[in-house]
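Since the structure comes first, as structure tokens, the remarks are kept for the end.
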Amino acid sequence: MTIRVTFLCAPGGDATVDPLLGDVPLSDLGLHRAAAAQAMLPPHELAVRAPSIRCSQTAAALGLEAAVEPALHDLGLGTWCGRTVDEVAAADPHGFAAWLKDPDAAPHGGESVRRLCRRTANWLGSMAPDTGHTVALTEAAVVRAALIHALGVPARAFWHLAVPPLSTVSLTLEGGCWDVRVDDVDAAPQDDRRWPHSRPAMLVHARSDQSASHRFGGGKRPGTPQEAAFAACR
């Protein structure tokens, strides 16, 4: 049985880089980058997207006809929606710190990271083997959750994964193991902005006999596959 899904991360909507939390429309720059990324779309049999405004706008800019998939909605941030990261950190420093460290924390009254990871894993597990290649346009948080499931790493590793806007992550399930491929972002202009809640990490194939890797962030390459499985999860 082989299942393949390519996640495309919508621009905007990532608490590590964006000023506002929650679902907000794309900026003119975000729309321009989305339109420029059309060539990145792989051939596919099915396309789905998260129900957010930015994913709807991104799909339109890409010319992608994608069905709405409620299971791919963003991490629910409850009372923090519409606020900036700085505002939340100043108003509730203990809750904000717990949110970044504890995958079961939900100080905003919304969804915990662990629940998001479980929801995303359930969606991946529900895919039929005859679906063909699926493109899933969704939020950075959902892509992180998919990587947590595919790699079998702890949910506390969630914020260690940097998922750039308009990057693609392909997951292939074959023989009971997920293989992960992360493609470079060619359409979006590069800059030197740091990802404040993300640390260097490395992904490796689930199979030890076909090991391959792709790095997230910077830093030195870990020396062994065991170290590489999640270098930043400490």
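Calculate log10 I(q)/I(0) of region 1-102 for q = 0.14, 0.17, 0.24 Å⁻¹, where I(q) comes from the Debye formula with a single equal point scatterer on each Cα and nothing for solvent. Log-scaled intensity ratios, in q order: -0.63, -0.85, -1.28.
Could you state the accessible area per residue of region 117-167 in Å², with a 1.4 Å probe and every protein chain left in place?
Value for region 117-167: 28 Å² per residue.
If the segment from Ala60 to Glu87 were pulled out straight at 0.36 nm per residue, it would be longer than the present Cα-Cα gap by 6.5 nm. The listed peptides 36-48, 141-153, 165-177, ordered by packing as a protection proxy, come out as 141-153, 165-177, 36-48 (highest mean of other Cβ atoms within 10 Å first). Put a plus charge on the Cβ of each Lys and Arg, a minus charge on the Cβ of each Asp and Glu, and nothing anywhere else: the dipole of region 110-152 about its Cα centre is then about 220 debye. Computing FRET efficiency as 1/(1 + (r/R0)^6) for Asp130 and Ala35, where r is the C-beta to C-beta distance and R0 is 41 Å, gives about 0.80. With N the number of residues in region 34-163, Rg(Cα) / (2.2 N^0.38 Å) evaluates to 1.14.
The values are calculated or read from the model by the stated rules, or taken from the named source; none is laboratory data. Here the structure is a predicted model, which is why all the values come from computation and not from measurement. Ideal geometry is used to build each Cβ from the backbone, glycine not excepted, and the neighbour counts take in all protein chains shown. Surface accessibility is based on the protein's heavy atoms, side chains included, excluding ligands, DNA and RNA. Shrake-Rupley method; radii C 1.70, N 1.55, O 1.52, S 1.80 Å.
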